[in-house]
Amino acid sequence: MVYRPDRDGSHRGAFERNKKKIYATQTVCGICGKPVDFGLKYPHPLSPCIDHIIPIAKGGHPSDINNLQLAHWTCNRQKSDKLIKRRDKEKDEVISNRVLPHTFDWKNIRRSK
């Protein structure tokens, strides 16, 4: 198992505090742009979770609130550690991870109670 500082290390407390702030202030998935239903719980594919905008594996900060966003669980899984880059003659710049392709429309899955 890979060591994750946001789960097991010194960043755990800050990650949890920032997760609560994001859950209280954000309502839209930062990856697909659709609303997140906080009534859904894991393992439902549209349940809420926290996504690292710049993945930890790519050098992103594990607990900085500026590197965290609300996401659907399935969107976060599909994104994995990918980044979208804009090609520019002068430099490459990370601009977003919102335009990733989706292979399944989870919105039409019936909610189980």
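The values are calculated or read from the model by the stated rules, or taken from the named source; none is laboratory data. Treat the numbers as computed from the prediction; the structure is a model and nothing was measured. Ideal geometry is used to build each Cβ from the backbone, glycine not excepted, and the neighbour counts take in all protein chains shown.
Summary of computed values
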read-out	value
Residues satisfying the stated conditions in segment 40-60, i.e. in contact (Cβ under 8 Å) with a residue 12 or more places away in the chain and either of a type in the set (Phe, Trp, Tyr) or out of contact with any Phe, Trp or Tyr (no Cβ under 8 Å at 6 or more places or on another chain) (or both)	Leu40, Tyr42, Asp51, His52, Ile53, Ile54, Pro55, Ile56, Ala57, Lys58
Considering residues of segment 1-49 that are touching a strand residue (DSSP E or B) at 6+ places or on another chain (Cβ under 9 Å) and among the aliphatic types (A, V, I, L, M) only, the residue nearest to Leu68 (Cα to Cα)	Ile22
Residue match in segment 46-63 (condition: in contact with a Cys (Cβ under 7 Å, 6 or more places away or on another chain) and modelled with pLDDT of 95 or more)	no
Ile22 under 13 Å from the mean Cα position of the chain (by Cα), closer than 17 Å to Trp73 by Cα and in a loop (DSSP other than H, G, I, E, B)	no
Of all residues making up segment 29-40, the number that are surrounded by fewer than 17 Cβ atoms within 10 Å (Cβ to Cβ) and either touching a Gly at 6+ places or on another chain (Cβ under 9 Å) or modelled with pLDDT under 95 (or both)	2
Residues satisfying the stated conditions in segment 41-59, i.e. surrounded by 16 or more Cβ atoms within 10 Å (Cβ to Cβ) and either among the basic types (Lys, Arg) or within 22 Å of Tyr3 (Cα to Cα) (or both)	Cys49, Ile50, Asp51, His52, Ile53, Ile54, Pro55, Ile56
